[in-house]
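The values are calculated or read from the model by the stated rules, or taken from the named source; none is laboratory data. Computed from a predicted model, the values in this text were never measured in an experiment. Glycine gets a Cβ as well: all are built from the backbone with ideal geometry, and neighbour counts include every protein chain shown. Quick note on the areas: whole protein, heavy atoms, side chains included, nothing else; ligands and nucleic acids left out. Shrake-Rupley method; radii C 1.70, N 1.55, O 1.52, S 1.80 Å.
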Amino acid sequence: MEYIDFLKQKMAISQETGFKVKKSELTKSLFPHVKDTVIWAVQGGCRAIFSSFGMQKTVTQLEICRVIIKREGGKALIVCPKRVVVEFVSQAKEHMNLDVMYVRNMDEVRANADQYPIMITNYERVRDGEVGVRIDPTFFTATSLDEASVLRGFGT
């Protein structure tokens, strides 16, 4: 076996599990790099975005969720540190004219599901608490996790 063939056998190639989306389907006011990132992430289906500060990660997450639920139906959940919730709510309104809601438990999720297609919560609301009270990500069509540094702290 040639060495290059050996190396090719060892390569892990990510599978695309999402769907194609056109730039014309995206929020028009987004920066070009955000549109490219959204297209890549939605087509991939399960992607991590490690953009630097100031690169509109919040708006990117919101747009990915919006695109997915527009096509697939259902609701989307963004899980983030509590200190970031206000940023998501304000960025959604400012950049996308989109209303999102912070939820604390599944009762709030169900009570507001018709009005808010995208909901936001903090990690403790998903991780801690009683079953039936804590937020169940399986209720949602799409779930987005914010802040990789927080994820490392949960033993993942």
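Numbers below:
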| read-out | value |
| --- | --- |
| Region 51-60: number of residues that are open to solvent by 20 Å² or more (accessible area, probe 1.4 Å) and either touching a residue at least 40 places away in the same chain (Cβ under 8 Å) or out of contact with any Phe, Trp or Tyr (no Cβ under 8 Å at 6 or more places or on another chain) (or both) | 6 |
| Long-range neighbours under 9 Å by Cβ, at least six apart or interchain, first residue under 19 Å from residue 59 (Cβ atoms) within region 118-129, second surrounded by 16 or more Cβ atoms within 10 Å (Cβ to Cβ) and of a type in the set (Lys, Arg) | 118/66; 118/75; 119/75 |
| Qualifying position, being over 21 Å from residue 102 (Cβ atoms) and of a type in the set (Lys, Arg), among 82, 35, 75, 57 | 35 |
| Residue count, region 125-135 (criterion: part of a helix (DSSP H, G or I) and either within 21 Å of residue 29 (Cβ to Cβ) or open to solvent by less than 80 Å² (accessible area, probe 1.4 Å) (or both)) | 2 |
| Entirely in region 1-116, the helices (runs of 4 or more DSSP H) that have 3 or more residues that are more than 30 Å from residue 130 (Cβ to Cβ) | 3-10, 32-44, 57-72, 85-96 |
| Members of region 137-156 that are surrounded by 17 or more Cβ atoms within 10 Å (Cβ to Cβ), in a loop (DSSP other than H, G, I, E, B) and modelled with pLDDT under 95 | 146 |
| Qualifying positions in region 1-50 - more than 14 Å from the chain's Cα centre (by Cα) and open to solvent by less than 60 Å² (accessible area, probe 1.4 Å) | 19, 21, 26, 27, 30, 35 |
| Matching residues, region 81-135, being more than 17 Å from residue 65 (Cα to Cα) and among the small types (Gly, Ala, Ser) | 111, 129, 132 |
| Region 92-124, residues that are more than 22 Å from residue 73 (Cβ to Cβ), among the polar types (S, T, N, Q) and either open to solvent by less than 30 Å² (accessible area, probe 1.4 Å) or touching a Cys at 6+ places or on another chain (Cβ under 8 Å) (or both) | 122 |
